[in-house]
Amino acid sequence: MPVYDYECENCGKLFEELVISYSVPDSEIKCPECGEYKAKKKISAPSIAGSSSSHSSSCGASGFT
Ligand SMILES: [Zn+2]
């Protein structure tokens with residue numbers, strides 16, 4: 001079963017929802033934070049971490065504070 005990322009348009013809560021069917025409309029996804037059915041499915045971009053050759057390692061601890 002796919003897990004989708006949702007963002008609530010009411011409170012801005014980001015959460016994951018396990019969706020039983022591919023055809024579950026966003027309007028049936030309840031926000032766990034405020035209880036509103038205002039969630040929007042977020043299309044998660046495919047992760048390209050670790051497959052880039054043009055960019056040198058930028059995930060090292062180099063002054064992130
Ligand atoms: Zn909400």
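Read the figures in this text as sums done on the coordinates, not as results from a lab. Predicted model, so just to flag it, every value in this text is computed and none were measured. For neighbour counting, all protein chains shown are included, and Cβ atoms are generated from backbone atoms with ideal geometry for every residue, glycine included.
Figures for the structure shown
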| item | result |
| --- | --- |
| Karplus-derived HN-Hα couplings along the stretch 7-14 (A = 6.51, B = -1.76, C = 1.60, θ = phi - 60°), whole Hz, x at Gly and Pro | 10, 6, 7, 7, 10, x, 5, 9 |
| Cβ-based net charge around Y4, under 13 Å, with every Lys or Arg adding one and every Asp or Glu removing one | -3 |
| The stretch 21-26 - phi-based ³J(HN,Hα) in whole Hz, Karplus 6.51/-1.76/1.60, Gly and Pro as x | 10, 5, 9, 6, x, 4 |
| Two-decimal Rg to Rh for the stretch 3-42 - Kirkwood Rh, Cα set | 0.91 |
